[in-house]
Amino acid sequence: MGQLRHDAKPQPVPAQPDPLPTPDIPYVVVRPDPVKESIVAPGQPEPNPAKAMRILQTVALWPRHWAAGAVAQAQRESYPDLRPWAQGDWFLNGRPSKKGVPGATPTAFTIWQLRDDRYDNFLSFAASRGTPWDDFETQVLWCPHELKTGEKLAWKWLQRATNAGQACAAMVWYERPKGYFASRAKAATTWDEVFVVAEKCDGWEVRLKFAKALM
């Protein structure tokens, strides 16, 4: 056995890189509220708004007030009964027109009334799930997917919402209806400022009424 040398010089310890800074992002823990039972007569189909609420709470694991804000937005876009085949924003020769005008064609589809790239992205999402474009659950779940991937400003405020009114205001930024101001929305730092934008949007009072009814 070799002898331990007391005069041996200690080996230098390799320098360790400084740890990367931790971004100051609040961690959001979503604990879904209990699913509110809908009263449906035996043998009768579940109403689409109630079904959408159930999907968002049990599949997307959203709390009930988030779901109420989102479903209220969809009700404003595609009729109160949420028609997955809804069509809107009719155009004729490149100009806005009305449904029923000969030659006019729709440009917005689904319960969220998606157009252009957003609709194309939705079709890819439906294909990835192996479902047709008018599958109701697929349409409902598109909203949580798009919020996290392409509508992060609306997602930011929806995560901070603590009631149906705030959730509804956040979802206004998801659709950006007439009266929405992008510059003001991006500069908002408080709920008062969020509501300033939301309250100026077309159909705000109806949308908020829908959200409160879903609670």
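The values are calculated or read from the model by the stated rules, or taken from the named source; none is laboratory data. Not measured: the values here are computed from a predicted model. Neighbour counts are summed over all protein chains in view; Cβ atoms, including those assigned to glycine, are modelled from backbone coordinates with ideal geometry. SASA here: full protein model, heavy atoms, side chains in, ligands and nucleic acids out. Shrake-Rupley method; radii C 1.70, N 1.55, O 1.52, S 1.80 Å.
Okay, here's what the table says:
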read-out	value
Where Glu175 falls short, out of the listed (1) out of contact with any Asp or Glu (no Cβ under 7 Å at 6 or more places or on another chain); (2) in contact (Cβ under 8 Å) with a residue 12 or more places away in the chain; (3) of a type in the set (Asp, Glu)	(1)
Cβ pairs under 7 Å, 6+ apart, first in region 108-125 and in contact (Cβ under 8 Å) with a residue 12 or more places away in the chain, second assigned to a helix (DSSP H, G or I) and surrounded by fewer than 19 Cβ atoms within 10 Å (Cβ to Cβ)	Phe109/Tyr119; Phe125/His145
Subset tally (residues that are open to solvent by 70 Å² or more (accessible area, probe 1.4 Å) and within 17 Å of the chain's Cα centre (by Cα)) for region 79-119	2
